[in-house]
Amino acid sequence: MKHISTYYHTLKYLKPIQIKYQLLYRLFKAKPLSHYKNSINPLETTPLKFIQSPYHYSSYLGNNKFTFLNQEKDFNQQIDWSYKEYGALWNYNLQYFNYLAQEDITKDEKLSLLKDFYQSNVVLEPYPISLRSINTIRFILREEIQDSSLIENLYGELNFLSQRLEFHILGNHLLENLFALMMGGVFFQEEKWIQKAHALLIEQLDEQILNDGAHFELSPMYHQIILNRVLELIDWYATYEKKEKQFEHFLREKAAKMLAWLKNMTFSNGEIPMVNDAAKGIAPTSKELFEYAAKLEIKPKELSLTDSGYIKWKTLNWELLMDYGEVGPTYLPGGHAQNDIFNILLNVDNRPVLVDTGTSVYENDLNRRNIERSTSSHNTVQIGLLEQNEMWSGFRMARRAKVVILNNKGGYIEGYHTGFFFTNKPIHQRKIKVEQNIISINDRILYNKGLKSYSYLHFHPSIKLSKNNNSEVVFDFGSINFINAESTEIEFYNYAIEFGKTQQALRIKIKFQDILETYINLKKESIEN
């Protein structure tokens, strides 16, 4: 019965189109690539122009050796393009062919890798095809390649993609499909691909980009990835002789809004908050994206953080970010969401102090994945052993919390969420007041009182802590005082530096009942420097 309930509360949020295509794609499996290939004359392709090189990091080490997500694999004589020992995400990176943009690999070696891949008869999947086709088109144009076999294989993959768009998933997956289909449609002069991608891009970007410019999955890293794709589309589309000016204007408006959100979310040290599956080294940096946009003559709009559920306070020397958003969007079954309602992050003098635990794994270590998504891995409150949202597997969510904001103006925010209500029926209320050098946090447990609760504060590995007594902890930039704390413990946790890489750091675990007041006192010299 528990499993039935979990499935019900997961599936009830899905859109009818997702259920429809889940069934269709399960019933009708993908055919081999040969089924989708046509004979293509390379001379009939359209030369696209770019002013920006594709984003990549050095992942091919030569001699069939690769490194992704801080995990290295030497295939020796024969590459296994379906290799899954390091998880599906590692294999996806292998199949993306981002390394086609590496300058330390010869053109012939890149062609050899592509040829070997297409001879391996890997099962076709829309998401890696989307990224691989974009990388391959850019490689063909950059190197002026006239290899008919490669062109035919590329066409076949895009033909498959046009018939297998990820309507069963939606979100960033579908957008990646559409960016690839649009580029592929123009490259191959396939009008039906162009029209399909054009219409769906307008529909999906209107839905997926919120009023404050955020991508609706609310992950700063995925926002950077999608923004880079929008800029890339504008890059080549602006010089396309058959372009529609209205569509180009639409794309530029979306890019300007997305730049605004990224500007608001990026800390003064240039780093994004590592929340909702964000990790370093995966997406272009904010600086790189702002520079790319400037080349395209796109400026950020003047927008404030609203719809995305984040609020940020900034003084001369410190920045505080709070996440009060619900899981978004509801019909994505928990993909990149975490149990982080009322999570706070703090930078002082451009150094990270309070941080998110981050993301170091996806599906290849579910135990670690569950820890990183849990309530206790964020700077918020956990009631007993309960979780804010009912997460399961690596990317699934059943029952979800509702957030109610009662007051949000100036240096003050007050709200509560119902995340624990579907179990023992307690409600967590948090109030934050920001002054020049004091951050006040008031946590209350409403209704089902008497339960033991725990507040967590996670610190960057560079920060040292020492406990004066049960009510005060001293750190590099000041002190933290607790009122009504039953106990205060300093303990180790694993901070995710990047995917596949963690480092021990310190966190404070504060046990309390019903009410806890926390005061972060920053040294005056940190404020006045």
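The values are calculated or read from the model by the stated rules, or taken from the named source; none is laboratory data. The shown structure was predicted, so the numbers you read here are calculated from the model rather than taken from an experiment. Note that each Cβ is placed from the backbone with ideal geometry, even for glycine, and that neighbours are counted across all protein chains shown. The area values use the complete protein model at the heavy-atom level, side chains included, leaving out ligands, DNA and RNA. Shrake-Rupley method; radii C 1.70, N 1.55, O 1.52, S 1.80 Å.
Some notes on this structure:
- Number of residues in the stretch 333-344 that are in a loop (DSSP other than H, G, I, E, B) and modelled with pLDDT of 85 or more equals 5.
- Residue check, Ser440 small (Gly, Ala, Ser) and more than 20 Å from Met274 (Cβ to Cβ): yes
- The sole residue among Lys511, Lys431, Lys449 that is part of a strand (DSSP E or B) and surrounded by fewer than 17 Cβ atoms within 10 Å (Cβ to Cβ) is Lys511.
- The criterion of at least 3 residues that are within 30 Å of Asp349 (Cβ to Cβ) and within 12 Å of the chain's Cα centre (by Cα) is met, among helices (runs of 4 or more DSSP H) falling completely within the stretch 188-288, by 220-237.
- Hits in the stretch 4-62 (condition: of a type in the set (Phe, Trp, Tyr) and closer than 28 Å to Glu291 by Cβ): Phe50, Tyr55, Tyr57, Tyr60
- Qualifying residue in the stretch 399-417 (condition: polar (S, T, N, Q), open to solvent by less than 60 Å² (accessible area, probe 1.4 Å) and not in a strand (DSSP E or B)): no
- In summary, Gln22 fulfils each of the numbered conditions (1) in contact with a strand residue (DSSP E or B) (Cβ under 9 Å, 6 or more places away or on another chain); (2) within 27 Å of Arg369 (Cβ to Cβ); (3) open to solvent by 40 Å² or more (accessible area, probe 1.4 Å); (4) not charged (D, E, K, R) with the single exception of condition (1).
- Every condition in (1) touching a residue at least 12 places away in the same chain (Cβ under 8 Å); (2) on the phi < 0 side of the Ramachandran plot holds for Leu385 except the one numbered (1).
- Beta carbons closer than 9 Å, at least 6 apart along the sequence or on distinct chains, pair a first residue in the stretch 45-56 that is more than 13 Å from Tyr240 (Cα to Cα) with a second that is of a type in the set (Lys, Arg) and surrounded by 17 or more Cβ atoms within 10 Å (Cβ to Cβ) for Ser53/Arg138; Pro54/Arg138.
- Failed item, numbered, when Ser360 is tested on (1) in contact (Cβ under 8 Å) with a residue 12 or more places away in the chain; (2) assigned to a loop (DSSP other than H, G, I, E, B); (3) out of contact with any strand residue (DSSP E or B) (no Cβ under 7 Å at 6 or more places or on another chain): (3)
- Annotation note: Cβ proximity below 8 Å between a residue of the stretch 289-303 that is among the charged types (D, E, K, R) and a residue that is surrounded by fewer than 16 Cβ atoms within 10 Å (Cβ to Cβ) (sequence gap 6+ or interchain) occurs for Lys295/Ile51.
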